[in-house]
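The values are calculated or read from the model by the stated rules, or taken from the named source; none is laboratory data. Given the structure is predicted, the values throughout are model-derived calculations rather than measurements. Backbone-built Cβ (ideal geometry, glycine too); neighbour counts: all protein chains shown. Quick note on the areas: whole protein, heavy atoms, side chains included, nothing else; ligands and nucleic acids left out. Shrake-Rupley method; radii C 1.70, N 1.55, O 1.52, S 1.80 Å.
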Amino acid sequence: MEDKIQGFKNACRERLDAFSLMQLRSYGRSIGVDVPTKKKKDELIAEIIAVLLGEVAPIERSKRGAPVKDERVDPEIGQAVAKLRYVWFAGIEPPVHLTYFESQVRTPLVVHASDNSMTYEQYYEQEIYAGQLEIIDDVPCLVDKGGDLSKERLLVSVELIRQYGLREGDIITCHAFEKMGVRAAKNILSVNRVHPGTEKRFIFDDEPVVEPNKKISFTENKPVNDAAKYMDFLFPIAYGQRCLVASAPKAGKSRYLCDLAKTISAEHRDRLLLALLVGQSPERIAEYRSFVKKGNLVATSYEDEAERHVFAAEFLFKRAKRMAEMGWEVVLVVDSLSQVAKAYNETDFSLGGKLLPCGLESKTLHYIKKYFGAARCFPEHGSLTIIGGVSFGTGDAADDALYTELSSVANAEIRLSEELSRRRVFPAVDVGLSYSECAEKLLNGQERAAEMAFRKRILNSEDGDFARQLLADCNTVEEFCEKSNR
């Protein structure tokens, strides 16, 4: 119990510190703090916490003297305290132990008990909620999977977090109940699509990594677009790689990423596509929504503030790591890493470092390299692949600095040509400057010979258009090898 009390004190102190001294004096007066107008802010917060915990008895309001000029109490303080009280002190009923279920949101479920063949339909007639675990203003809660903070959020108690070993970014389904005027989670049904406690998972940043060795197939499902063919036939990447799609303005970077995401989105048992769009147009966001599964797309438009962009990037990034810990092959498509870095540079998170000549803070470069560099492959199962867009040649020194830093971290790069895009050749892939470090491992001898023959032909200015047409006419690796080696 002592650790809960100390945890409540720390969280409450940090949360109350966000309110002004006048707000805290009004609130302190309402709960029985002695002469709150004579106390400094830190002292007042300490006494408020002591009264809330019963360590100090509240005083009765005196009717003597002049009336208080302003007795209004900000309701946000009371709501914040109520949430923290629940988070640290709520008693949670143990959930029914179940071994099999199908995760559906807001629909009745039929679940089989572990000890016999009985079903507990009555138990699942309650409404089911789903969301991602986040800590906002020191309060753990479930947030809409699309990262929409305007939707209702369910509180999650520290008791539940400890009981199930929950981490930020976990996708949780649960029942809910009303307590202390707020809606809260109970009866955890699933964590990252499995029953809680059925799978042990490692810690993403502590697990040893291996060289990526399992090829991502982009052409196993038809119809196949040309962007996918370049990746499969010429620049294959494996689960766990860090792949940049780099281009000058208007060379088709966003279109290329979108076409890749479409091919990855096809049903696959152990593969999960997550898409992050930062500062994009409404039309681009609507296009992604047409093929990315609901909840797996987090998007912000160019109308949003920098803090919203950074929250969206971190929100989906945490989920990607949690799903990789569960053994999933996660592919995170980011459009674009340049926008994420610039948004981060505008927030207070980037302060405290060195201002570079390009206009970026040193912390910004460190952050974006760490973000992109998180892609990795684990020995037994699970990986995180990041395919991210980055701009260069825009006339902005910050873009060139970001590209230079990210290219040093990447182990695959698709470079798009401004010259080809001016000729309206799409995708405008510059074959000479594009590469994948894992190509030699992922291509067999025949495929390697076909790749070399194609590269030689396309670098010949007279045969370039013919070679691109040859690639467009092939739908399988076998067909490409036959025609290229002919």
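Of all the residues in the stretch 136-164, those that are touching a residue at least 60 places away in the same chain (Cβ under 8 Å), part of a helix (DSSP H, G or I) and not aliphatic (A, V, I, L, M) number 2.
Within the stretch 402-418, restricting attention to residues that are under 19 Å from Leu257 (Cα atoms) and more than 23 Å from the chain's Cα centre (by Cα), which residue is surrounded by the fewest Cβ atoms within 10 Å (Cβ to Cβ)? Only one residue tops the list, namely Glu418. Residues in the stretch 364-401 that are part of a helix (DSSP H, G or I) and surrounded by fewer than 19 Cβ atoms within 10 Å (Cβ to Cβ): His366, Lys369, Lys370, Ala397, Asp400.
Of everything in the stretch 202-225, what is open to solvent by less than 50 Å² (accessible area, probe 1.4 Å), touching a residue at least 60 places away in the same chain (Cβ under 8 Å) and not aliphatic (A, V, I, L, M)? Give them in sequence order. Those that are open to solvent by less than 50 Å² (accessible area, probe 1.4 Å), touching a residue at least 60 places away in the same chain (Cβ under 8 Å) and not aliphatic (A, V, I, L, M): Phe202, Phe204, Pro212, Thr219. Would it be correct to say that Val81 is open to solvent by less than 70 Å² (accessible area, probe 1.4 Å), at pLDDT 55 or above, under 30 Å from Asp3 (Cβ atoms) and in a loop (DSSP other than H, G, I, E, B)? No. Scanning the stretch 1-33 for residues that are open to solvent by 70 Å² or more (accessible area, probe 1.4 Å) and in a loop (DSSP other than H, G, I, E, B) yields Met1, Asp17, Ala18. Apart from one condition, Arg183 fits all of (1) without any contact (Cβ under 8 Å) to a residue 60 or more places away in the chain; (2) assigned to a loop (DSSP other than H, G, I, E, B); the exception is (2). Taking the stretch 210-228 as the range and being of a type in the set (Lys, Arg) and at pLDDT 90 or above as the test, the residues that pass are Lys214, Lys215.
Val425 meets the stated requirement of being open to solvent by 10 Å² or more (accessible area, probe 1.4 Å), assigned to a loop (DSSP other than H, G, I, E, B) and under 29 Å from Asp465 (Cβ atoms).
Would you point out which residue out of Ala228, Ala261, Ala275 is assigned to a helix (DSSP H, G or I), open to solvent by less than 20 Å² (accessible area, probe 1.4 Å), of a type in the set (A, V, I, L, M) and closer than 28 Å to Thr173 by Cβ? So the residue among Ala228, Ala261, Ala275 that is assigned to a helix (DSSP H, G or I), open to solvent by less than 20 Å² (accessible area, probe 1.4 Å), of a type in the set (A, V, I, L, M) and closer than 28 Å to Thr173 by Cβ is Ala261. Looking only at the stretch 349-363, residues that are touching a residue at least 12 places away in the same chain (Cβ under 8 Å) and either assigned to a loop (DSSP other than H, G, I, E, B) or closer than 13 Å to Leu402 by Cα (or both) come to 9 in all.
Would you check if there is a residue in the stretch 439-450 being open to solvent by 30 Å² or more (accessible area, probe 1.4 Å), hydrophobic (A, V, I, L, M, F, W, C) and either in a strand (DSSP E or B) or farther than 21 Å from Ala238 by Cα (or both)? No; the residues of the stretch 439-450 include none that is open to solvent by 30 Å² or more (accessible area, probe 1.4 Å), hydrophobic (A, V, I, L, M, F, W, C) and either in a strand (DSSP E or B) or farther than 21 Å from Ala238 by Cα (or both). Gly388 - would you say it is over 23 Å from Glu207 (Cα atoms) and at pLDDT 95 or above? Yes; evaluated as a whole, the condition is true for this residue. The residue list Arg167, Arg201 contains one member that is modelled with pLDDT of 90 or more, in contact with a helix residue (DSSP H, G or I) (Cβ under 8 Å, 6 or more places away or on another chain) and outside any strand (DSSP E or B), which is Arg167.
Across the stretch 308-325, not a single residue is classified as part of a loop (DSSP other than H, G, I, E, B) and surrounded by fewer than 24 Cβ atoms within 10 Å (Cβ to Cβ).
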